[in-house]
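The values are calculated or read from the model by the stated rules, or taken from the named source; none is laboratory data. As the structure is a prediction and not an experimental result, all values here were calculated from the model. Positions of Cβ are generated from backbone atoms using ideal geometry, with glycine treated the same way; all protein chains shown enter the neighbour counts. What goes into the accessible areas is simple: the full protein's heavy atoms, side chains included, and nothing from ligands, DNA or RNA. Shrake-Rupley method; radii C 1.70, N 1.55, O 1.52, S 1.80 Å.
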Amino acid sequence: MKRTHVIFGGLTLVVVALVVLVTGKEQLLARGTPLFLELAPVDPRSLMQGDYMVLDYAVSREARLSEDRPVEDGRLVLRRDERGVGHLVGREESQPPGPGEMWLRFKVRRGRVRLGAESFFFQEGHAERYAQAKYGELRVAEDGSSVLVGLRDADLNPLGGGPLSTGPDAP
């Protein structure tokens, strides 16, 4: 009988943790600041996973880590232009971002700056539609955490099933 309580207690904890994670991402999608990041996509295929693009963001390349600073995870400081496209200002220096600036969390993996959304999966046979992707659309929270919500073309028009917003200032 005691084992059953332990098993159900463990399952309850797992379910609660998943609900909290999903709720957090849903809040980020609903309330996060829209941000478009220029990207340089690569078009691989995986027999097990289907069609997908590996996304390489311009700000990741610009934020190359200098050898005199220790390699660690952190936050980039970005400024959005009038279209909502993010441009690198620098790395977080323990002060809040200035007016018109925002944070974007990054992790360093194998010496490269990663933003967390480096793959975009799509339905098999739709590679041609996504080949024209020039921007990734993210939602960014105040703390710099982000989630990828779609891809955009050079004019910031949505590709695929449509984005959650229609422009850089949409709610």
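Asp81 sits with roughly 50 Å² accessible to a 1.4 Å probe, with DNA, RNA and ligands left out of the calculation.
Counting Lys and Arg as +1 and Asp and Glu as -1, what is the net charge of the other residues whose Cβ lies under 12 Å from the Cβ of Gly9?
Taking every other residue near Gly9 into account, the sum is +2.
Across the accessible surface of the stretch 112-155, with the other protein chains kept in place and a 1.4 Å probe, carbon and sulfur atoms take up 41 percent. Which lysines have a Cα lying under 27 Å from the Cα of Lys25, excluding residues fewer than 8 positions away in the same chain? Reachable lysines: Lys107, Lys134. Taking amide H as placed 1.01 Å from N in the peptide plane, the amide H of Leu39 sits under 5 Å from that of Ala58, Tyr135, Gly136, each at least 5 places away or on another chain.
Stretched out straight at 0.36 nm per residue, the stretch from Glu62 to Arg114 would grow longer than its current Cα-Cα span by 17.5 nm. A 1.4 Å probe run over the protein chains yields, for the stretch 96-166, 55 Å² of accessible area per residue, whole-number rounding.
Per-residue extension of 0.36 nm, minus the Cα-Cα distance of Arg129 and Glu82, leaves a gain of 14.3 nm for this segment.
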